[in-house]
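J.: Handing you a structure now.
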Amino acid sequence: MATSKITQYSAAARLERIPISSFHRQIMWILGFVFFFELGDVNTFSYAAPAILKQWHLSIFEISFIISATFFGMFVGAMTGGWFSDRVGRKKALIYTTLWYSGFSLLNAFVWAPRGLLVTRLFTGMGLSAMSVIGSTYVSEMFPATKRGTYQGLIMTIGLFGIPVTAYIARFLNPFAPWAWRLVFVWGSLGALVALLATHLEESPRWFEKHGRMAQAEESLARIEKRVRREHGELPPPLEPAPPKVGTCTYRDLFSPIYLKQTVVLIVAWVCQTLGFYGFMAWVPTLLVAHGFSLVNSLAWSSAISIGAVPGALISALISDRWERKWLITVVALLVAACGLPYGMSFKTTWIVIFGFLVAMLLQTFAPLLFAYTPEAYPTEIRTSGMGLVYGLGRLANTLGPLLIGYLYSRYGYTSVFVYIALCWVLVAITIGGFGIRTRGRLLDHLSEDPLN
C-alpha cells in the first residue's frame, strides 16, 4: 500500500500502529532468556563468594574489592555498549555483548587467585551491563507506547527466574566440594547458547531510519507488517502522516539545555538505586555468614529470599502502563526503604526471610519500571548512549559501594549497612518524584522532542 511506505510515514508511526502479536512475543521470550542468564550471571559471584571467602581465607574487605571491580567493568561496559549500539545497531550489539559476558563468565571458573578473579569479573561486568543497556533500549523501540512498560516487566519476569535458579544451583553445588563454586560460573556462561536465538530478531527500524538507511528500514518494517497481517489482517493506518527524519543528535546533546535536567535526574537516580540495589542483593549471603550464620543456612535463606524477584517483576508488568511511571518508581522506592530497615534489624530466621523476600520482590518491581522509564528520555540516535551514560555512572558509583559497606560493617556493625541502603532508596524517591518527567503512554518521538511536559 502506498500509505505504508517509509518515505511517507516514519518507522515510529508504523511500529506504533502494529498490534501485539507473535512478533512481539518472540522478542519477549528471546530477550527474557538473554536476561535470564544475564541476571543469573550478575549474581553468580554473590552466591559463590561465601565459598570463595572460606577456601581462599579472604576477608569481607578483600571480597569487596572483587565486587568493586565487577561494577567498574559494568561502568565501562554501559558507557561503551551504548555508544557501540548506536553505531552498529541494536541486534548486533545485543549478540556480541551476550557472547562477551558468557565467555568471561566461563573464564571465572578457571582462575586460581583473587587477583585473577578480580580481572575476569571486571571483564564479565563489561558485557553484563552493555547487554542490559542495549536490551532495554531495544524493547523501548520495538513495542508500542501503551505496552512498553508491560513487556519490559514481562521480559524481566522471565529473566528474573535466573536469580533463584542460580541461587539454588549454588546452594547445591557449593557444599559438594571446596572448589565447586567454580561450577556456578560455568552455569553463568550458558548465556552464549541464547545468543544464537537473538539472530532471529529484527534490527530496530528506528535505528535504520535515524542512520539514513531507508531501504533497510523499509525491508525490516515490511517483514514485520507481513508477519502481523497473517495474524490480524489489514493493519490500521499509521498514527501520524509524518515523514522520517535522519538523526542529527550527538553524544554532547545529552548535556544540552533540552536534555540536561533529565540527564542529571537519571544519573542521581541510577547512582542511588545501584548503591541500594546491589548493597542488598550482592551482600546478603556474605553478610549472613560474617554475622555468624553457617554457609548452608546463609545460602538456603538467600535462595528463599531471591524467589521474591519473580513476582516482583510480574507486579511491575501489571502496573507499569496503568499509572504514571514516575510515581510508581517513587512509591516502590519508599517501600524498599521501609522493608529494608526491619530486615537489617531482624535476627530471627522467620523475619529475615519475610522482610528479605519483600525487599527482593520490591527491588524487581522497581527495576523494570526504571529500565522502561530511562530510554524514554532520549531520541533514537542517542537513546542507548543516554541509557549507557546514566546506567554506567550508577555502576561506577558502586565501585565504592562495596568498600563503603565493608567499612560500615566493620566499624558500626550489621544494622548500619541496612540504614545506609534505606537512605539510598529514599533519595531515589525524592529525585524521581520531585524532578522526573512524565512518560506514561506518550510516543517516544514526542517525549524526546518535548521532554519537559
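J.: Could you tell me whether Thr157 is modelled with pLDDT under 90, under 30 Å from Cys249 (Cβ atoms) and open to solvent by 10 Å² or more (accessible area, probe 1.4 Å)? Walk me through how you get there before you give the answer.
T.: Working: modelled with pLDDT under 90: yes; under 30 Å from Cys249 (Cβ atoms): no; open to solvent by 10 Å² or more (accessible area, probe 1.4 Å): yes.
So Thr157 does not fit the description; no.
J.: Does any residue in segment 23-36 that is open to solvent by 20 Å² or more (accessible area, probe 1.4 Å) come within less than 9 Å, Cβ to Cβ, of a residue that is among the small types (Gly, Ala, Ser) and assigned to a helix (DSSP H, G or I) six or more places away or on a different chain, and which pairs are these?
T.: Phe33/Gly159; Phe33/Gly162; Phe33/Gly191; Phe36/Gly159; Phe36/Gly162; Phe36/Gly191
J.: Can Ala309 be described as surrounded by fewer than 22 Cβ atoms within 10 Å (Cβ to Cβ) and modelled with pLDDT under 75? Talk me through it step by step, then tell me what you get.
T.: On the way: surrounded by fewer than 22 Cβ atoms within 10 Å (Cβ to Cβ): no; modelled with pLDDT under 75: yes.
Against the criterion (surrounded by fewer than 22 Cβ atoms within 10 Å (Cβ to Cβ) and modelled with pLDDT under 75), Ala309 does not qualify.
J.: Given the criteria in a helix (DSSP H, G or I) and either of a type in the set (Asp, Glu) or open to solvent by less than 10 Å² (accessible area, probe 1.4 Å) (or both), does Met126 qualify?
T.: Spelling it out, it is not the case that Met126 is in a helix (DSSP H, G or I) and either of a type in the set (Asp, Glu) or open to solvent by less than 10 Å² (accessible area, probe 1.4 Å) (or both).
J.: Please report, ordered by residue number, the helices (runs of 4 or more DSSP H) entirely within segment 170-272 with at least 2 residues that are within 22 Å of the chain's Cα centre (by Cα) and surrounded by fewer than 16 Cβ atoms within 10 Å (Cβ to Cβ).
T.: Because the criterion is at least 2 residues that are within 22 Å of the chain's Cα centre (by Cα) and surrounded by fewer than 16 Cβ atoms within 10 Å (Cβ to Cβ), the helices (runs of 4 or more DSSP H) in segment 170-272 that meet it are 191-197.
J.: Say we look at segment 136-149 and pick out the residues that are assigned to a helix (DSSP H, G or I) and touching a Leu at 6+ places or on another chain (Cβ under 8 Å); which of these is farthest from Leu370 (Cα to Cα)?
T.: Met142
J.: Contact list please: Cβ distance under 6 Å, first residue in segment 196-223 and within 13 Å of Ser10 (Cα to Cα), second residue assigned to a helix (DSSP H, G or I) and open to solvent by 40 Å² or more (accessible area, probe 1.4 Å), pairs at least six apart or on different chains.
T.: From residues that are within 13 Å of Ser10 (Cα to Cα), the pairs are Phe208/Gln216.
J.: Next question. Criterion first (under 28 Å from Ile315 (Cβ atoms), at pLDDT below 90 and surrounded by fewer than 24 Cβ atoms within 10 Å (Cβ to Cβ)) does Ala78 satisfy it?
T.: no
The values are calculated or read from the model by the stated rules, or taken from the named source; none is laboratory data. These numbers were taken from a predicted model, which means no experiment stands behind them. Virtual Cβ from ideal backbone geometry, glycine too; neighbours counted across all protein chains shown. Note: areas computed on protein heavy atoms with side chains; ligands, DNA, RNA excluded. Shrake-Rupley method; radii C 1.70, N 1.55, O 1.52, S 1.80 Å.
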